[in-house]
1. Looking at Asn165, Asn121, Asn178, can you tell me which residue is surrounded by 13 or more Cβ atoms within 10 Å (Cβ to Cβ), out of contact with any Phe, Trp or Tyr (no Cβ under 9 Å at 6 or more places or on another chain) and among the polar types (S, T, N, Q)?
2. Between Thr148, Thr103, Thr123, which is of a type in the set (Val, Ile, Thr) and closer than 30 Å to Ile196 by Cβ?
3. Looking for whichever is modelled with pLDDT under 85, of a type in the set (Val, Ile, Thr) and crowded, with 17+ Cβ neighbours inside 10 Å here; the options are Thr103, Thr71, Thr95. Which one fits?
4. Go through (1) surrounded by 12 or more Cβ atoms within 10 Å (Cβ to Cβ); (2) basic (Lys, Arg); (3) in contact (Cβ under 8 Å) with a residue 24 or more places away in the chain for Lys59 and report which single condition fails.
5. Cβ contacts < 8 Å: first residue within 10 Å of Leu62 (Cα to Cα), restricted to segment 197-223; second residue surrounded by 17 or more Cβ atoms within 10 Å (Cβ to Cβ) and β-branched (Val, Ile, Thr), any location; separation 6+ or different chain. Result?
6. If you take just the helices (runs of 4 or more DSSP H) that sit entirely in segment 72-153, which of them hold at least 3 residues that are of a type in the set (S, T, N, Q) and over 13 Å from the mean Cα position of the chain (by Cα)?
7. Output the number of the condition that Ser150 fails; it satisfies all remaining conditions of (1) without any contact (Cβ under 8 Å) to a residue 24 or more places away in the chain; (2) among the polar types (S, T, N, Q); (3) under 20 Å from Phe86 (Cα atoms).
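The values are calculated or read from the model by the stated rules, or taken from the named source; none is laboratory data. Worth saying up front: this structure is predicted, and the values here are computed from it rather than measured. Quick reminder, even Gly has a Cβ in these numbers, built from the backbone with ideal geometry, and neighbours come from all protein chains shown.
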Amino acid sequence: MMNNLFSIFDPSTNLFNMSLNWISTFIGIMFIPFSFWLIPNRHFILWNFISNKLHKEFKTLLGDKSFNGSTFIFISLFFFILFNNFLGLFPYIFTSTSHLNLTLSISLSLWLSFMIYGWINNTQHMFIHLIPQGTPTILMPFMVMIETISNIIRPGTLAVRLTANMIAGHLLLTLLSNTGTNMPNYLLMLLILIQILLLILESAVAIIQAYVISILSTLYSSEIN
């Protein structure tokens, strides 16, 4: 019996008393050997196409002053979150991206690395960035406070955005599925149709959220150069 609606997100999967909650996070590693095939298959061609598109877009955002290969960390982040978002749509697979344990670890480590690098290597630029161009002198102290607060809450907003979007769709699917036992047959068919449409929507959300997180991380990185 489910005591709490949010208990569906509790990590409770086990096999022979071995916790298998976060094992879904590493399932994406199974796809790596495809890159070593002599003749590329369709999966590898699609992977290369998406990677090249993301590389061009991230390179544009980072600018010409960025290090060579700096886009690969954000491409890897996109695919990592995308895999975990999609795996959470399958039955009986733990959704790791619906927990702040994972999302906050990713966003906080990225943000801290950007801040440490920026303040050590581009200190003057980081101070200048606290005051937007054209700010009146009387408003400068307030703008510094506002910019500092908005900078500090960035990892939290990144983590909560991804977690909340993953939880919201799964909760809606769970709530609708729980009402199916008390419905007549003609409404049950309508419920199944709605569930299929919601599943398609969740698939789109999984892609969009992975893209949003990687794009925002790229923009935060571009500000320290």
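1. Criteria check complete, one pass: Asn165.
2. Matching residue, one of Thr148, Thr103, Thr123: Thr103.
3. Sole residue among the options that is modelled with pLDDT under 85, of a type in the set (Val, Ile, Thr) and crowded, with 17+ Cβ neighbours inside 10 Å: Thr95.
4. Lys59 satisfies every listed condition except (3).
5. From residues that are within 10 Å of Leu62 (Cα to Cα), the pairs are Thr218/Thr71.
6. On the way: elements: 72-87, 100-121, 123-129, 140-152.
Helices (runs of 4 or more DSSP H) meeting the threshold: 100-121, 140-152.
7. The number of the failed condition is (3).
Conditions (1) over 30 Å from Leu158 (Cβ atoms); (2) surrounded by 13 or more Cβ atoms within 10 Å (Cβ to Cβ); (3) of a type outside the set (Asp, Glu), marked per residue:
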site	(1), (2), (3)
Tyr186	yes, no, yes
Leu190	yes, no, yes
Leu198	no, yes, yes
Glu202	no, yes, no
Ile207	no, yes, yes
Ser222	no, yes, yes
Asn225	no, yes, yes
